[in-house]
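I have placed the structure first, in the form of structure tokens, so that the comments after it can refer back to it.
Each reported figure results from applying straightforward, stated rules to the coordinates on display, with no laboratory input. If you're wondering where the values come from, they're calculated on a predicted model, not measured in any experiment. Counting neighbours? That spans all protein chains shown, and the Cβs are built from the backbone with ideal geometry, glycine included.
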Amino acid sequence: MNKTTLFRKLVNSPEILLMPVAYDGISLLAIEQAGFKATCIAGYGTSSSLLGLPDIGMISSSEMLTHYANLIARTELPVMVDIDTGFGDVNNVIRTVQQVEQMGAAALFIEDQTYPKRCGHMGGKSVVDVEEYLPKLKAALWARKNPDLTIMARTDAKAVYGLDEAIRRGKIYAEAGADMVFVEAVGSVDEMRRVNAEIPVPSMANMIEGGKTPFLNKDELQDVGYALAAYACGPLYAAARAVQKWATTLKEEGSTESFATPENMMDFAEYYSFIGADKIREREKIFLNGTDK
């Protein structure tokens, strides 16, 4: 089964799909090796990983798409990608959709924020009119060659105009052909239930530790009606804290010996296996006459 078809099957399954978001190759491998069935690569982690900057529209489309292509090539998992506001007008959207489809993405989402956009859980957001967003969504749907490529419409209207407007937009986007709808930064369980009761296509929850949306567990998310739950920031936050502690230990103690426990970090041999170096070395032998180079 190809990845686009598999992703659709997972979304439409009775069991909610949990989808951690990778920000680089290491987080991608950790997610895959943990046994998750799909992953996502998005602007928040990409901007942090590549630039050390917040998700406020400072990263270029070429930087993002190159990053996406590299990670998609490294995993067997279906991957959803974030194309922000489409990087321009309908022509830019068409080109972007074609690019991410060619690189092997299983799904993508495009949002209705103004540009430069902001992370969905930041303040100070603004959204374009529905009449400005719909041509981009329709262009994205038109551009895909594989009808199984899942295209999700994201709205940030809740923070700007309230939940009623966000749901109104979600319905319009679904009617226009969006396969899924993502209402960002929903603020309560009751609001989550309304989103899923009133929007007639599968929807996604964005679970961010310390974010604006209630941080529910898997069963609770499924109970309120979500088909998919993305964990957009957890891998990034966990890694940032771990490196912070490692660096502080080295600065304060002049060594990382006290930090270098199996609970805190891998050692050389474990990382060698984790990154796949042992398999690569075995593969080399096929072409090197059985010698261990």
Mean shadow area of the stretch 137-293, taken as a quarter of the surface of its Cα convex hull (nm²): 15.8
In the stretch 76-164, lysine pairs closer than 21 Å at Cα, eight or more apart or cross-chain: 8
Unit charges on C-beta of K, R, D, E only; dipole of the stretch 1-148, Debye: 320
Those trypsin sites (Lys or Arg not before Pro) in the stretch 67-154 that DSSP places in a loop and that have at most 11 other beta carbons within 10 Å: Lys145
Long-range tail of P(r) for the stretch 240-287 (Cα pairs > 11 Å, %): 72
Computed helical MRE - 222 nm, the chain, DSSP H runs ≥ 4 contributing -39500 (n - 2.57), nearest 500: -14000 deg cm²/dmol
Magnitude of the charge dipole, the chain, Cβ model with Lys/Arg +1 and Asp/Glu -1, debye to 20: 620
Theoretical gain in end-to-end length, Lys145 to Tyr237 [0.36 nm per residue, Cα-Cα removed]: 29.5 nm
Sorted by Cβ density within 10 Å, fewest first, the residues Ile280, Ile151: Ile280, Ile151
Loop-resident sites, the stretch 55-128, for GluC sites (Glu not before Pro), counting at most 10 other Cβ within 10 Å (DSSP): Glu76
Loop-located GluC sites (Glu not before Pro) in the stretch 166-229 whose Cβ has at most 13 other Cβ within 10 Å (DSSP): Glu209
For the chain: span of alpha carbons on each principal axis (Å, largest first): 61, 48, 37
Label point at Leu53 placed 7 Å out along Cα→Cβ; residues across the stretch 70-85 whose backbone nitrogen lies under 19 Å: 82-85
